[in-house]
Amino acid sequence: QVQLVESGGGLVQAGGSLRLSCAASGSIFRFNVMGWYRQAPGKQRELVATITNGGNTNYADSVKGRFTISRDNAKNTVALQMNSLKPEDTADYYCNAEAILRDYWGKGTLVTVSS
């Protein structure tokens, strides 16, 4: 079991930046893949970015070049640096830990980008 707690969301103007953080209650080293997902009102949850223990990253096309995911296994944290934010980035952002038998999810943090 692991609890994931997101922080760092808020209201920002278009073109601005935010840094989201995900703190885990235990070691994240056992999760090869950690990620961020988002869900906008009326839409399905979608992948934003993932990162492996080896540092391999994967990004949704819509955020490539603007968002950067990182992880610190020593501190049990995963971060998402979001730059050049757009109104279409407005969503609840969720931290994810991918395990063999199940995934773990945080409760989310809201990001609102005004135009």
So for segment 41-61 (the condition being at pLDDT 95 or above and closer than 18 Å to Gln13 by Cα), does at least one residue qualify? no
Please pick out the residue among Leu85, Leu110, Leu80 that is aliphatic (A, V, I, L, M) and closer than 20 Å to Ile28 by Cα. Leu80
Every residue in segment 29-43 that is closer than 21 Å to Thr90 by Cβ and either out of contact with any strand residue (DSSP E or B) (no Cβ under 7 Å at 6 or more places or on another chain) or open to solvent by 10 Å² or more (accessible area, probe 1.4 Å) (or both), please. Tyr37, Arg38, Gln39, Ala40, Pro41, Gly42, Lys43
Under the condition of being open to solvent by 60 Å² or more (accessible area, probe 1.4 Å) and closer than 21 Å to Lys86 by Cβ, which residue from segment 3-16 is farthest from the chain's Cα centre (by Cα)? Gln13
Qualifying positions in segment 6-22 - under 14 Å from Leu110 (Cβ atoms) and of a type in the set (D, E, K, R): Glu6
Where a residue in segment 32-48 is touching a residue at least 60 places away in the same chain (Cβ under 8 Å) and its partner, wherever it lies, is assigned to a strand (DSSP E or B) and open to solvent by 60 Å² or more (accessible area, probe 1.4 Å), with Cβ under 6 Å and at least six apart: Val33/Glu98
Gly26 versus (1) open to solvent by 40 Å² or more (accessible area, probe 1.4 Å); (2) assigned to a loop (DSSP other than H, G, I, E, B); (3) not hydrophobic (A, V, I, L, M, F, W, C): which is the lone unmet condition? (1)
Any idea how many residues of segment 1-23 are in a strand (DSSP E or B) and on the phi < 0 side of the Ramachandran plot? 13
Residue list for segment 17-49, filter: within 15 Å of Gln81 (Cβ to Cβ) and either hydrophobic (A, V, I, L, M, F, W, C) or in contact with a Pro (Cβ under 9 Å, 6 or more places away or on another chain) (or both): Leu18, Leu20, Cys22, Met34, Trp36, Val48, Ala49
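One line per residue, one yes/no per condition, for (1) over 18 Å from Gly15 (Cα atoms); (2) under 11 Å from the mean Cα position of the chain (by Cα); (3) in contact (Cβ under 8 Å) with a residue 60 or more places away in the chain:
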{"position": "Lys64", "(1), (2), (3)": "no, no, no"}
{"position": "Arg71", "(1), (2), (3)": "yes, yes, no"}
{"position": "Ala74", "(1), (2), (3)": "yes, no, no"}
{"position": "Val78", "(1), (2), (3)": "yes, yes, no"}
{"position": "Glu88", "(1), (2), (3)": "no, no, no"}
{"position": "Arg102", "(1), (2), (3)": "yes, no, no"}
{"position": "Lys107", "(1), (2), (3)": "yes, no, yes"}
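The values are calculated or read from the model by the stated rules, or taken from the named source; none is laboratory data. Keep in mind it's a predicted model, so treat the numbers as computed, not measured. We place every Cβ from the backbone using ideal geometry, glycine too, and count neighbours over all the protein chains shown. For the accessible areas, the whole protein counts, side chains as well, though only heavy atoms, and no ligand, DNA or RNA atoms are used. Shrake-Rupley method; radii C 1.70, N 1.55, O 1.52, S 1.80 Å.
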